[in-house]
Amino acid sequence: MEFLTTSEAADYLRLGERKLYELVTTGAIPCSKVTGKWLFPRHELDLWVLSGLARPAGMLIAEPPPVVGGSQDELLDWSLRESGSGLGSMSEGSARGLERLQRNEVMAAAVHFHALDASDNLAGDASMEALRTTPDLHDAVLVAFVRREEGLVLPHGNPQHLHSLTDVLAAGARMATRQQGTGAQMLLDVLLKRAGASMRDLRRIETPALTGPDLAELVRAGQADCGIATRAAARSAGLDFVPLVWENFDLAMRQRSYFRPAMLALLRFMNERRLRQRAEELTGYDPSPAGLIRFAA
C-alpha cells in the first residue's frame, strides 16, 4: 500500500494544500493520521476521484441494486443487518456472485476462491486472480472482510473418528457437498487433488447443499456423515468441527460502488468493536484484516 504525504497528495490531486486540509477536517477525503502527520493511501484517492466521476447523459451507467451476492456467511449476514447499510444478500456461491457483479446485478460479491499454485500448495490469492481474469471487471476492488476457518463438519462426538479428508476417503463416509462454483466446493476439489483423489472417489449424497448452514443441517439430521463448511456453521448446528484451512473471505465490488452510502455504512461498521465481539462469539473468525483493500484493478 502506497501512502502520500500532504504535499504529495495535493500535487497528485492538483489541489492546494489549504483546500486539501479543508477536505480532511470535514471528513470528505480518505486519510489517516499517523504520529501527528496526515497520510493518504494513493489507491483510496483514486477510488475517491472515480466515485464522483460525471458522465454525459448517453454514458450513464445504471447503478447496481443494493445487494451483496456471492457466498453465504453468518457474520456477514449479521453485519448487513446491524450496520444499517440497507444492503440485502443473495447467497449463490463465489463464482455466481462474481458473474452477477460482472453483469452489474449486485453491488458487491462475497468471495473465497481456492486454487492450487505452482508448488502444489493452497494459493492465498485465488480471489485476486479471479478478479484479474474476469472480463469487464477492470475497475474492481477486493476488500477484506475477515479470515475464517473452514473444515470438516461432523456429528456430535465424531463417531467415525474422521480427522482429515484422507480419513473420509478411507472410511467411505457419506459426504455432503456444495454446488459447483462455491468456495467450499473449490476447496474440496483442491484438497482431493492434494490427496491424489477426485470427486469420483467420494461417497457423496445426491443433492448438493446450497449454503454452509444447509450442509450442516444435513449432517445434523443424519443424512450425511460429514461435509466442508465453516466453524461458525458447525457451532450454530451443535456439531463437531475439524479445522482444515484458514481462508480469506472478501468483498469484491466495482470502484464506483466503494463510496456509495450503503457500502460506506458497511465498511465503517467493519471497523467497529461490535463486529469483533460478534466474530468472537460465533468462533472461527479473524476480523483483524476487515476493511483492508487487498486488490485494486
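The values are calculated or read from the model by the stated rules, or taken from the named source; none is laboratory data. The structure displayed is predicted, hence computed values, not measured ones. Neighbour counts are summed over all protein chains in view; Cβ atoms, including those assigned to glycine, are modelled from backbone coordinates with ideal geometry. For the accessible areas, the whole protein counts, side chains as well, though only heavy atoms, and no ligand, DNA or RNA atoms are used. Shrake-Rupley method; radii C 1.70, N 1.55, O 1.52, S 1.80 Å.
Below are the figures for this structure:
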{"item": "Test result for R268, of a type outside the set (S, T, N, Q), touching a residue at least 40 places away in the same chain (Cβ under 8 Å) and under 19 Å from G86 (Cβ atoms)", "result": "yes"}
{"item": "Output for segment 160-170, where each listed residue is without any contact (Cβ under 8 Å) to a residue 12 or more places away in the chain and either under 17 Å from R96 (Cα atoms) or part of a helix (DSSP H, G or I) (or both)", "result": "D167, A170"}
{"item": "Leading residue by the ranking (most open to solvent (accessible area, probe 1.4 Å)) among those in segment 117-131 that are out of contact with any helix residue (DSSP H, G or I) (no Cβ under 7 Å at 6 or more places or on another chain) and modelled with pLDDT of 90 or more", "result": "E129"}
{"item": "Subset tally (residues that are out of contact with any helix residue (DSSP H, G or I) (no Cβ under 8 Å at 6 or more places or on another chain) and closer than 22 Å to A108 by Cα) for segment 132-157", "result": "5"}
{"item": "Index of the failed condition, S91 passing every other in (1) touching a strand residue (DSSP E or B) at 6+ places or on another chain (Cβ under 9 Å); (2) at pLDDT 95 or above; (3) of a type outside the set (D, E)", "result": "(2)"}
{"item": "Qualifying residues in segment 86-110 (those that are touching a residue at least 24 places away in the same chain (Cβ under 8 Å), open to solvent by 40 Å² or more (accessible area, probe 1.4 Å) and polar (S, T, N, Q)) - the one nearest to Q179 (Cα to Cα)", "result": "S91"}
{"item": "Residue among T207, T182 that alone is free of Cβ contacts under 8 Å to residues at least 60 places away in the same chain and β-branched (V, I, T)", "result": "T207"}
{"item": "Considering residues of segment 1-43 that are of a type in the set (F, W, Y) and not in a strand (DSSP E or B) only, the residue least open to solvent (accessible area, probe 1.4 Å)", "result": "Y12"}
{"item": "Test result for A221, over 29 Å from E99 (Cα atoms) and free of Cβ contacts under 8 Å to residues at least 12 places away in the same chain", "result": "yes"}
{"item": "Tally of residues being closer than 17 Å to N248 by Cβ, in a loop (DSSP other than H, G, I, E, B) and either within 12 Å of the chain's Cα centre (by Cα) or not small (G, A, S) (or both) across segment 271-293", "result": "5"}
{"item": "Residues (over 30 Å from W48 (Cα atoms) and either open to solvent by 10 Å² or more (accessible area, probe 1.4 Å) or in a loop (DSSP other than H, G, I, E, B) (or both)) located in segment 234-265", "result": "R235, S236, A237, G238, L239, D240, F241, V242, P243, L244, V245, W246"}
{"item": "Test: residue in segment 172-185 that is surrounded by fewer than 15 Cβ atoms within 10 Å (Cβ to Cβ) and assigned to a helix (DSSP H, G or I)", "result": "no"}
{"item": "Of all residues making up segment 67-85, the number that are in a loop (DSSP other than H, G, I, E, B), surrounded by 22 or more Cβ atoms within 10 Å (Cβ to Cβ) and polar (S, T, N, Q)", "result": "3"}
{"item": "Which numbered condition R268 misses (of (1) open to solvent by 60 Å² or more (accessible area, probe 1.4 Å); (2) in a loop (DSSP other than H, G, I, E, B))", "result": "(2)"}
